[in-house]
(Lines give C-alpha, C1' and ligand atoms only; values in the text may rest on other atoms or scores of the structure.)
Protein backbone atom coordinates (compact mmCIF):
# COMPACT_ATOMS: atom_id res chain seq x y z
CA UNK A 1 0.00 0.00 0.00
CA UNK A 2 2.83 2.45 0.79
CA UNK A 3 4.10 2.13 -2.78
CA UNK A 4 0.77 3.42 -4.13
CA UNK A 5 0.75 6.29 -1.65
CA UNK A 6 4.32 7.24 -2.54
CA UNK A 7 3.61 7.03 -6.26
CA UNK A 8 0.48 9.17 -5.89
CA UNK A 9 2.45 11.92 -4.13
CA UNK A 10 5.15 11.73 -6.79
CA UNK A 11 2.77 11.82 -9.78
CA UNK A 12 0.67 14.70 -8.45
CA UNK A 13 3.85 16.60 -7.57
CA UNK A 14 5.18 16.00 -11.08
CA UNK A 15 1.95 17.35 -12.56
CA UNK A 16 2.41 20.55 -10.53
CA UNK A 17 5.96 20.91 -11.83
CA UNK A 18 4.62 20.74 -15.39
CA UNK A 19 1.80 23.15 -14.55
CA UNK A 20 4.29 25.60 -13.06
CA UNK A 21 6.36 25.41 -16.25
CA UNK A 22 3.29 26.16 -18.34
CA UNK A 23 2.41 29.14 -16.14
CA UNK A 24 5.96 30.43 -16.55
CA UNK A 25 5.72 30.02 -20.32
CA UNK A 26 2.52 32.06 -20.66
CA UNK A 27 3.13 34.70 -17.98
CA UNK A 28 4.99 37.18 -20.16
CA UNK A 29 2.84 36.87 -23.30
CA UNK A 30 -0.32 37.24 -21.20
CA UNK A 31 1.23 40.00 -19.06
CA UNK A 32 0.29 38.10 -15.94
CA UNK A 33 2.08 40.04 -13.19
CA UNK A 34 1.77 37.27 -10.60
CA UNK A 35 2.93 34.65 -13.09
CA UNK A 36 6.56 34.34 -11.98
CA UNK A 37 5.58 33.97 -8.32
CA UNK A 38 2.81 31.52 -9.18
CA UNK A 39 5.08 29.45 -11.43
CA UNK A 40 7.77 29.21 -8.76
CA UNK A 41 5.22 28.30 -6.08
CA UNK A 42 3.60 25.63 -8.25
CA UNK A 43 6.95 24.08 -9.12
CA UNK A 44 8.73 24.26 -5.75
CA UNK A 45 6.04 24.03 -3.08
CA UNK A 46 3.17 22.24 -4.79
CA UNK A 47 5.36 20.08 -7.02
CA UNK A 48 8.87 19.37 -5.80
CA UNK A 49 7.87 19.17 -2.14
CA UNK A 50 5.10 16.71 -2.95
CA UNK A 51 7.48 14.61 -5.06
CA UNK A 52 9.82 14.54 -2.06
CA UNK A 53 6.96 13.30 0.12
CA UNK A 54 6.62 10.33 -2.21
CA UNK A 55 10.35 9.63 -2.45
CA UNK A 56 10.74 9.83 1.30
CA UNK A 57 7.76 7.58 1.93
CA UNK A 58 9.03 4.95 -0.47
CA UNK A 59 12.78 4.87 0.13
CA UNK A 60 13.98 6.83 3.14
CA UNK A 61 11.25 6.65 5.79
CA UNK A 62 8.85 3.88 4.81
CA UNK A 63 6.57 4.35 7.79
CA UNK A 64 3.36 2.38 7.95
CA UNK A 65 0.46 4.50 6.77
CA UNK A 66 -3.27 3.97 6.64
CA UNK A 67 -5.45 5.08 3.78
CA UNK A 68 -6.97 7.71 6.07
CA UNK A 69 -3.55 9.08 7.07
CA UNK A 70 -2.53 9.24 3.43
CA UNK A 71 -5.79 10.99 2.47
CA UNK A 72 -5.36 13.56 5.24
CA UNK A 73 -1.85 14.42 4.07
CA UNK A 74 -2.75 14.50 0.38
CA UNK A 75 -5.92 16.56 0.83
CA UNK A 76 -4.42 18.97 3.37
CA UNK A 77 -1.32 19.58 1.23
CA UNK A 78 -3.22 20.22 -1.99
CA UNK A 79 -6.12 22.11 -0.41
CA UNK A 80 -3.65 24.19 1.60
CA UNK A 81 -1.70 25.06 -1.51
CA UNK A 82 -4.89 25.91 -3.39
CA UNK A 83 -5.90 28.24 -0.55
CA UNK A 84 -2.50 29.94 -0.56
CA UNK A 85 -2.58 30.47 -4.33
CA UNK A 86 -6.20 31.66 -4.52
CA UNK A 87 -5.91 33.76 -1.37
CA UNK A 88 -2.81 35.47 -2.68
CA UNK A 89 -4.19 36.07 -6.17
CA UNK A 90 -7.42 37.61 -4.86
CA UNK A 91 -5.59 39.33 -2.00
CA UNK A 92 -7.38 37.73 0.96
CA UNK A 93 -4.67 37.12 3.58
CA UNK A 94 -7.03 35.15 5.83
CA UNK A 95 -7.38 32.48 3.12
CA UNK A 96 -3.59 32.41 2.73
CA UNK A 97 -3.35 31.89 6.50
CA UNK A 98 -5.82 28.98 6.47
CA UNK A 99 -3.86 27.40 3.62
CA UNK A 100 -0.61 27.91 5.50
CA UNK A 101 -2.07 26.22 8.57
CA UNK A 102 -3.00 23.15 6.50
CA UNK A 103 0.54 23.05 5.10
CA UNK A 104 2.00 23.18 8.61
CA UNK A 105 -0.10 20.15 9.60
CA UNK A 106 1.33 18.11 6.73
CA UNK A 107 4.90 19.25 7.32
CA UNK A 108 4.72 18.27 10.99
CA UNK A 109 3.39 14.87 9.92
CA UNK A 110 6.34 14.61 7.51
CA UNK A 111 8.74 15.18 10.38
CA UNK A 112 6.97 12.49 12.40
CA UNK A 113 7.49 10.02 9.57
CA UNK A 114 11.22 10.45 10.02
CA UNK A 115 11.01 8.21 13.07
CA UNK A 116 11.07 5.28 10.63
CA UNK A 117 14.29 5.95 8.69
CA UNK A 118 15.61 3.06 6.60
CA UNK A 119 19.03 1.70 7.50
CA UNK A 120 21.89 3.68 5.98
CA UNK A 121 19.72 6.62 4.93
CA UNK A 122 20.00 8.83 7.98
CA UNK A 123 21.82 11.45 5.90
CA UNK A 124 18.83 11.66 3.52
CA UNK A 125 16.47 12.00 6.46
CA UNK A 126 18.55 14.90 7.79
CA UNK A 127 18.50 16.63 4.39
CA UNK A 128 14.77 16.09 4.14
CA UNK A 129 14.30 17.44 7.66
CA UNK A 130 16.18 20.58 6.64
CA UNK A 131 13.93 21.03 3.58
CA UNK A 132 10.83 20.60 5.75
CA UNK A 133 12.22 23.07 8.30
CA UNK A 134 12.83 25.65 5.56
CA UNK A 135 9.25 25.22 4.38
CA UNK A 136 7.97 25.56 7.95
CA UNK A 137 9.92 28.79 8.43
CA UNK A 138 8.77 30.18 5.07
CA UNK A 139 5.05 29.74 5.80
CA UNK A 140 4.68 32.56 8.35
CA UNK A 141 6.87 34.77 6.16
CA UNK A 142 4.59 34.09 3.18
CA UNK A 143 1.48 34.77 5.23
CA UNK A 144 2.97 38.06 6.44
CA UNK A 145 3.92 39.09 2.90
CA UNK A 146 0.39 38.28 1.70
CA UNK A 147 -1.05 40.44 4.49
CA UNK A 148 1.28 43.33 3.61
CA UNK A 149 0.23 43.22 -0.07
CA UNK A 150 -3.29 44.36 0.74
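Take the residues in region 57-84 that are touching a helix residue (DSSP H, G or I) at 6+ places or on another chain (Cβ under 7 Å) and over 28 Å from residue 146 (Cβ atoms), then tell me which one is modelled with the lowest pLDDT.
63
Scan region 27-41 and tell me whether some residue there is buried (at least 17 other Cβ atoms within 10 Å of the Cβ), within 17 Å of residue 69 (Cβ to Cβ) and either at pLDDT 95 or above or touching a strand residue (DSSP E or B) at 6+ places or on another chain (Cβ under 8 Å) (or both).
Checked region 27-41: no residue is buried (at least 17 other Cβ atoms within 10 Å of the Cβ), within 17 Å of residue 69 (Cβ to Cβ) and either at pLDDT 95 or above or touching a strand residue (DSSP E or B) at 6+ places or on another chain (Cβ under 8 Å) (or both).
Are there any pairs, at least 6 apart or on different chains, whose C-beta atoms fall under 7 Å, with the first in region 67-92 and free of Cβ contacts under 8 Å to residues at least 12 places away in the same chain and on the phi > 0 side of the Ramachandran plot and the second in a helix (DSSP H, G or I) and surrounded by fewer than 20 Cβ atoms within 10 Å (Cβ to Cβ), and if so, which?
Pairs found: none.
Does region 107-129 contain at least one residue that is farther than 24 Å from residue 7 by Cβ, touching a residue at least 40 places away in the same chain (Cβ under 8 Å) and more than 12 Å from the chain's Cα centre (by Cα)?
Among the residues of region 107-129, not one is farther than 24 Å from residue 7 by Cβ, touching a residue at least 40 places away in the same chain (Cβ under 8 Å) and more than 12 Å from the chain's Cα centre (by Cα), which makes the answer no.
Confirm whether residue 48 is out of contact with any strand residue (DSSP E or B) (no Cβ under 6 Å at 6 or more places or on another chain), at negative phi and surrounded by 21 or more Cβ atoms within 10 Å (Cβ to Cβ).
So residue 48 does not fit the description; no.
Give me the residue from region 91-150 that is at pLDDT 90 or above and not in a helix (DSSP H, G or I) and, out of that set, nearest to residue 66 (Cα to Cα).
117
The values are calculated or read from the model by the stated rules, or taken from the named source; none is laboratory data. This structure is a prediction, so every number in the text was calculated from the model and none was measured. All Cβ positions, glycine included, derive from the backbone under ideal geometry; neighbour counts span all protein chains shown.
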